[in-house]
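Here is the structure we will look at.
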Amino acid sequence: MIQCNYCNSTKHKKRYHVQSSENNKTVTYYTCQRCGSIMQYPLPDENTIKEYYNNYREIKKNMNPGYLNQQGYNALKNERNMTLKEIGFDSKTIPNKTNIELGCANGHFLRYLVEMNSKETIGIDISDELLNSIDLNGVTLINGSLDDIKTSSCDTLFLFNVLEHIPDIQSLMENSIRITKPDSSIIIEVPLSGFVQNFFGAKWRFFMPDEHIQIPSKKGLIMLLKRYNLKVTGYTRFGSGFTSGMIHPFFKRIFDYSAKKIKCGDRGTFLIQPEKIKPL
Ligand SMILES: [Zn+2]
């Protein structure tokens, strides 16, 4: 049975058949009728996912040159500065906190945290190869998952482009709650289904078989968070769906600007905090 892991509904509508250029097969994505989130079905098994990430560096090199090098870092730094400001995250808190990033890849954002004088910095990734390429002092690197983090030890948990990759979203959420302190923040950046994705149909840039397996709508994400007593206190949406080279840079700038302005972009970043339960 196809179930939406964001809103728990089993009703779905539109299907997209997406050809994967990386692993030479066609997969099917379903749209949840209730919340509009999108899931690959059937979900890839553990071995398929493992195999995919073993080739990750190679895949990223083909798809998105620059993602993992110095220029990539500068671009990322500017983007993160802007995004964190837009969602209302106070970067001045970084130096007093234990900051943890799940899915740290080759450590660009860890470097950002170190440059911001993070008190304690922990990076977690499933790829040994990527972790081995990180050359940073004062950072703890873990080849594993949130299971490896102590209960109530984290002030700020960063999940940049993680959620859409994870088969077991429930366990990710439970673990996120377990490791964070009561007054913590969670930052989630994720592709979002909706207007832009509808416009591009099966050609949408974030349909990436075996990599992006469960993509939420904004509504679906909020429903998921609610089940864990979490609420969104600030967010931003950006991305017109056009990637560099697809259209003239002038038009891309206009479309990107508009998507952000009217908050219909196909990516979003959310500042999330625990719902304060009023004392009786
Ligand atoms: Zn749903």
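Each reported figure results from applying straightforward, stated rules to the coordinates on display, with no laboratory input. Just so we're clear, the structure is a prediction, and the values are computed from it rather than from any experiment. We place every Cβ from the backbone using ideal geometry, glycine too, and count neighbours over all the protein chains shown.
General observations
- Only the Cβ atoms of Lys and Arg (+1) and of Asp and Glu (-1) were treated as charged; on that basis the dipole of the range 1-144 about its Cα centre amounts to roughly 720 debye.
- Available extension along the chain between residue 258 and residue 143 is 37.4 nm, counting 0.36 nm per residue and deducting the alpha carbon span.
- Annotation: cysteines of the chain without a disulfide-compatible partner (Cβ-Cβ under 4.7 angstrom) are 104, 154, 264.
- For the chain, the dipole from Cβ point charges (+1 on Lys and Arg, -1 on Asp and Glu) about the Cα centre works out to 1500 debye, to the nearest 20.
- Summary of packing: across the peptides 117-126, 75-84, the per-residue average of other C-beta atoms within 10 Å ranks them, highest first, as 117-126, 75-84.
- Relative contact order of the chain, defined on C-alpha pairs under 8 angstrom at six or more residues apart (%): 19 percent
- Two tests apply to each whole DSSP H helix in the chain, Cα reach of 20 Å or more along its axis and mean Kyte-Doolittle hydropathy of at least 0.5, and none passes both.
- Gain on full stretching of the segment that runs from residue 174 to residue 117 - 0.36 nm per residue minus C-alpha separation: 17.6 nm
- Computed with the Debye formula from one identical point scatterer per Cα of the range 65-274, without solvent, the log10 of I(q)/I(0) at q = 0.16 Å⁻¹ comes to -1.16.
- Rounded Å value of the spacing that divides the Cα centres of the range 156-172 and the range 15-48: 17 Å
- Ordering 195, 173, 245 by Cα displacement along the dipole of the range 155-250 toward the positive end leaves 195 in first place; charges were set at the Cβ atoms of Lys, Arg (+1) and Asp, Glu (-1).
- 22 Å Cα-Cα threshold exceeded, pairs from 218/261; 14/218; 97/181; 13/219; 92/119; 97/260: 97/260
- Of all aspartates and glutamates in the structure, the ones whose alpha carbon falls short of 15 Å from that of residue 50, not counting any fewer than 8 places away in one chain, are 22, 58, 125, 128, 129, 168, 210, 211.
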